[in-house]
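What follows is a set of notes on a single structure, which appears directly below.
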Amino acid sequence: MPIEGIRRPAWAEIDLAALRHNIVTLRELVAPAQLCGVVKANGYGHGALFAARALLDAGVAGLAVAIVDEGVELREGGIVEPILLLAEAPSESLVDALEAKLTLTIGSVEGARAAVAAASNVSGRSPVHIKVDTGMHRMGVDIADLDAVLDIVKASPNLVIEGLYSHFSVADSDQPQDRDYCELQMQRFDEALAMARAKGIDPPLTHLANSAAAISLPAARRSMVRVGLAAYGYLPHPSMAATLAARGMALRPALSLHARVTAVRHLEAGERPSYGRRRALPGDATVATVPYGYADGYPRRFFDAGAEVLINGVHRPLAGAVTMDQLVIDCDGDHVKVGDEVVLLGAQGGETISADEWATWGGTITWEILCGIGARVPRIARP
């Protein structure tokens, strides 16, 4: 199990009030659809149990995870509400999943047969969701196989089809051709639902929409939507801010990253701190050491991208290459001392650094930034 640091001045703060605010906002936006709160990948880096409890307190109907171990962790943490596995679990893990009362996803003929076999070893009737591939082409039942899958599952006395769902591939785009593809995926989903109903199967839960579609594609909301990124306070696409603003709504980022200065040096112009001696200081400078590095999810490429941190409410650039455990920060001529708080992500003194900015520096997406925060960074919940 990865070590979680408790003896090092670096930490993440999780604003539970922001998580609850986001869920209340999204519930109002998508009503009467229910919300499923996605807490995979350690709650998008926020801490799975912190996130799960806050999302449930704010009214999500259930939770979703990616792998069996994530669901078991929630159960061991006292979560009793529905937990959906968002992918087919390996056949050898199915009994464990069912015994933990996790809701299986079935996404293939082989997966249907494996689920039926596993359920025969577990008492009671277990709910399952059928995932249909409408165009993402990653996993899910091909429409050509859907009749067979429905027949296999329907014949089992130990399974009940509670849900039918799919997943958009470009709902986070505002391009016309991508909107057209979303429409095509919805048509394919409706065809799949019609096939199920023709067999007398009418699942109470139907869901297509992720965060992007939940905000920007009302027709995709169905009886439930799955919210991941938006629950944590970020938008899948900047254009969606206007959609929320038109309703007087806004989301609030729930995670901030903090550290404290652990060393201070006063260096002359021309000195080149850190590995590789990558850059000469342009002038005499105070250089602060901060105990956070690429092992914690602060990528090395941030140095070349011009990344900054906040110290005493001022944006300060990196003075040298990111190392595994530490950063060096160019504080120019400012008075900085050991123990001063550093904000790597979040707000300080009226200034802000967002996960979206990190994504720009890293040439990636906000999802990867949040999920990449290291296990050894302790998460501290703020009510």
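Each value in this text was obtained by applying a stated rule to the coordinates, not by laboratory testing. Please read all numbers here as calculations on a predicted model, not as lab measurements. Note that each Cβ is placed from the backbone with ideal geometry, even for glycine, and that neighbours are counted across all protein chains shown.
Please enumerate the residues belonging to region 178-204 that are in contact (Cβ under 8 Å) with a residue 60 or more places away in the chain and in contact with an Asp or Glu (Cβ under 9 Å, 6 or more places away or on another chain).
Result: A196, P203.
Within region 121-150, work out how many residues are touching a Ser or Thr at 6+ places or on another chain (Cβ under 8 Å) and hydroxyl-bearing (S, T, Y).
So the count comes out to 2.
Could you tell me whether any residue of region 59-74 is surrounded by fewer than 24 Cβ atoms within 10 Å (Cβ to Cβ) and farther than 19 Å from T105 by Cβ?
Yes: region 59-74 contains one or more residues that are surrounded by fewer than 24 Cβ atoms within 10 Å (Cβ to Cβ) and farther than 19 Å from T105 by Cβ.
Being touching a Gly at 6+ places or on another chain (Cβ under 6 Å) and either more than 17 Å from G362 (Cα to Cα) or without any contact (Cβ under 8 Å) to a residue 24 or more places away in the chain (or both) is the filter here, so list the residues in region 292-335 that pass it.
The answer is G313, D325, Q326, V328.
Name the residue, out of L281, L255, that is under 31 Å from the mean Cα position of the chain (by Cα) and buried (at least 16 other Cβ atoms within 10 Å of the Cβ). Outline the logic, then answer.
Values: L281 fails: under 31 Å from the mean Cα position of the chain (by Cα).
Criteria check complete, one pass: L255.
Considering only region 139-177, state which residues are among the small types (G, A, S) and assigned to a loop (DSSP other than H, G, I, E, B).
Filtering region 139-177 down to residues among the small types (G, A, S) leaves 140, 144, 148, 155-156, 163, 166, 169, 171, 173.
Residues satisfying the conditions are G140, A155, S156, S166, S169, A171, S173.
State whether one or more residues within region 244-251 are assigned to a strand (DSSP E or B) and either over 21 Å from the mean Cα position of the chain (by Cα) or buried (at least 17 other Cβ atoms within 10 Å of the Cβ) (or both).
Looking through region 244-251, none of the residues is assigned to a strand (DSSP E or B) and either over 21 Å from the mean Cα position of the chain (by Cα) or buried (at least 17 other Cβ atoms within 10 Å of the Cβ) (or both).
Which residue is nearest to G47 (Cα to Cα), if the candidates are limited to region 215-232 and must be within 15 Å of the chain's Cα centre (by Cα) and part of a helix (DSSP H, G or I)?
Y232
Restricting to region 95-113, name every residue that is in contact with a strand residue (DSSP E or B) (Cβ under 7 Å, 6 or more places away or on another chain) and in a helix (DSSP H, G or I).
Answer for region 95-113, where residues must be in contact with a strand residue (DSSP E or B) (Cβ under 7 Å, 6 or more places away or on another chain) and in a helix (DSSP H, G or I): A97, L98, A112.
Go through (1) more than 16 Å from the chain's Cα centre (by Cα); (2) part of a helix (DSSP H, G or I); (3) of a type in the set (A, V, I, L, M); (4) within 22 Å of A381 (Cα to Cα) for I79 and report which single condition fails.
Every listed condition holds for I79 apart from (2).
Quick one: would you say E268 is within 30 Å of G233 (Cβ to Cβ), among the charged types (D, E, K, R) and more than 22 Å from the chain's Cα centre (by Cα)? Steps first, answer last, please.
Details: within 30 Å of G233 (Cβ to Cβ): no; among the charged types (D, E, K, R): yes; more than 22 Å from the chain's Cα centre (by Cα): yes.
No, not satisfied.
Working only within region 189-214, note down all residues that are closer than 30 Å to A359 by Cα, touching a strand residue (DSSP E or B) at 6+ places or on another chain (Cβ under 6 Å) and not in a loop (DSSP other than H, G, I, E, B).
The answer is H207, S211, A214.
Would you check which residues across region 35-68 are aromatic (F, W, Y) and closer than 16 Å to E368 by Cα and list them?
Step one: filter region 35-68 for residues aromatic (F, W, Y), giving 44, 50.
The one that is aromatic (F, W, Y) and closer than 16 Å to E368 by Cα: Y44.
Of R247, R226, R221, R252, which residue is touching a residue at least 12 places away in the same chain (Cβ under 8 Å) and in contact with a Gly (Cβ under 7 Å, 6 or more places away or on another chain)? If you could, list the steps in order and put the result at the bottom.
Numbers: R247 fails: in contact with a Gly (Cβ under 7 Å, 6 or more places away or on another chain); R226 fails: in contact with a Gly (Cβ under 7 Å, 6 or more places away or on another chain); R221 fails: in contact with a Gly (Cβ under 7 Å, 6 or more places away or on another chain).
None of the other options fit; the residue is R252.
Matching residues to (1) in contact (Cβ under 8 Å) with a residue 40 or more places away in the chain; (2) farther than 23 Å from I201 by Cα:
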residue: D15; (1), (2): yes, yes
residue: L19; (1), (2): yes, yes
residue: Q34; (1), (2): yes, no
residue: V68; (1), (2): no, yes
residue: E73; (1), (2): no, yes
residue: V80; (1), (2): no, yes
residue: R113; (1), (2): no, no
residue: A118; (1), (2): no, no
residue: S123; (1), (2): no, no
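I'd like to verify a number: residues in region 118-152 that are surrounded by 21 or more Cβ atoms within 10 Å (Cβ to Cβ) and touching a Phe, Trp or Tyr at 6+ places or on another chain (Cβ under 7 Å), how many?
If we filter region 118-152 for residues that are surrounded by 21 or more Cβ atoms within 10 Å (Cβ to Cβ), which is where we start, we get 118-119, 126, 128-134, 140-141, 146, 149-150.
Now restrict to residues that are touching a Phe, Trp or Tyr at 6+ places or on another chain (Cβ under 7 Å): 129, 131-132, 134.
Count: 4.
Being more than 17 Å from the chain's Cα centre (by Cα), at negative phi and part of a loop (DSSP other than H, G, I, E, B) is the filter here, so list the residues in region 343-376 that pass it.
Passing the criteria: only R376.
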